[in-house]
Amino acid sequence: MQTQALVSYLDQLLEVALYQDYAPNGLQVEGKVDIRRIVTGVTASQALIEAAIAQQADAILVHHGYFWKNEPAQIVGFKQRRIKALLQHDINLLAYHLPLDDHAELGNNAQLAKLWGLTVTERSGLVCCADLAEPLTVEDFYQKVSDSLEREPLWLKGGPAQLRRIAWCSGGAQGYVDRALALGADLYLSGEVSEQNCHFAVENGMHYFAAGHHATERLGVKALGEHLQQVFDLEVQFIDIANPV
C-alpha cells in the first residue's frame, strides 16, 4: 500500500480536520513510498524505533509522535537520534493524538469502555460518562481496572461506596476532572493526576483513579493497527514498550 494512500485513509477515518491538537496528526516523518509491514506502539521512543528496525517495518504508527507545541524546535540530542534512525532505515512515522483518543469505535476512550463493559451515555468534550445498569462497589471497579490494565491505579478516595455513574478520559486528562463533576460522576478515571486533583475529588464527593498514562492509551493504537490489518493486506504488529507512568 502506498504511504500517501494510507495517510489519506487514516486522516479520513479519524477525522483529523476536526481537532486542534498539540502536535501534527498524520505523517510526521516520511520514509519509503510503499508500506507492507507496520509496527504500532504508544510512543515513538528510541526503543520502539529499534524494535521496528529489527522487524524490518516500513512504518511506525503511534499515539505519541513528535513536534509538540512549545518544545524546542532544534533537532538535537535524543530527537536527532530518533529521526536519524527513521531516515536511515527509510521508515515512515505516523502519529494520531486527540483523534485517536476520541474515535467512537477505535479510540482509547471507546476501547476502555469496551474493556470494562461500559456504555457511553453522555460526553463532555473528550470525557466520556456511563450510567451503570446496576450499582457497582468502588472496590469491585478498582479490581476490574487493576486486572484489565495490569497495574494498580492510584485511588483518591472521596466518593460513595456504590458507583452509579463513571466518567473517564485516557492519558493526561487530569485537567478535565471538573467536566466529570459537571456530568455528575461518582468516580473519574484518567491516566495521570495532579496535586490539586486530590482536594478537588475529596471536597466534591468523588473518587479519582489515576490508572496510568501509558496503560490507558495502549488500546487505541492497538485497535487501529488491527483494523488496518483487516481492511488492507498489511502485516501489523503491536509492540508494547513498558512505561510505569
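The values are calculated or read from the model by the stated rules, or taken from the named source; none is laboratory data. Note that this is a predicted model, so its numbers are computed, not measured. Counting neighbours? That spans all protein chains shown, and the Cβs are built from the backbone with ideal geometry, glycine included.
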Can you name the condition, by its number, that Lys79 falls short on among (1) farther than 19 Å from His103 by Cβ; (2) not in a helix (DSSP H, G or I)?
-> (2)
From the set of residues in the stretch 197-245 that are over 19 Å from the mean Cα position of the chain (by Cα) and of a type in the set (Val, Ile, Thr), which is surrounded by the most Cβ atoms within 10 Å (Cβ to Cβ)?
-> Val202
Examine the stretch 119-139 for a residue that is in a loop (DSSP other than H, G, I, E, B) and touching a Lys or Arg at 6+ places or on another chain (Cβ under 7 Å), and state whether such a residue exists.
-> yes
Pick from the stretch 1-19 the residues that are polar (S, T, N, Q) and in contact with a Leu (Cβ under 9 Å, 6 or more places away or on another chain): which of them is nearest to Lys32 (Cα to Cα)?
-> Thr3
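In the stretch 46-76, how many are part of a strand (DSSP E or B) and β-branched (Val, Ile, Thr)? Even if it seems obvious, please write down each step before you answer.
First pass over the stretch 46-76, keeping only residues part of a strand (DSSP E or B): 59-64.
The next check asks that each one be β-branched (Val, Ile, Thr); those that pass are 60, 62.
Looking only at that region, the number is 2.
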Residue ID - nearest to Ala161 (Cα to Cα), chosen from residues in the stretch 204-245 that are touching a helix residue (DSSP H, G or I) at 6+ places or on another chain (Cβ under 6 Å) and of a type in the set (Gly, Ala, Ser) | Ala211
Conditions: (1) more than 13 Å from Leu219 (Cβ to Cβ); (2) out of contact with any Phe, Trp or Tyr (no Cβ under 9 Å at 6 or more places or on another chain). Glu105 meets all but one. Number of the miss?
-> (1)
Restricted to the stretch 38-95 and to residues being within 15 Å of Ala242 (Cα to Cα) and among the polar types (S, T, N, Q), the residue surrounded by the fewest Cβ atoms within 10 Å (Cβ to Cβ) is Gln46
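So, restricting to strands (runs of 3 or more DSSP E) that lie completely within the stretch 158-245, which ones have at least 2 residues that are within 21 Å of Thr119 (Cα to Cα) and at pLDDT 95 or above?
162-169, 187-190, 207-210
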May I ask you to list pairs of residues, at least six apart or on different chains, whose Cβ atoms are under 6 Å apart, with the first in the stretch 135-158 being charged (D, E, K, R) and the second being surrounded by 13 or more Cβ atoms within 10 Å (Cβ to Cβ) and in a loop (DSSP other than H, G, I, E, B)?
-> Arg151/Gly212
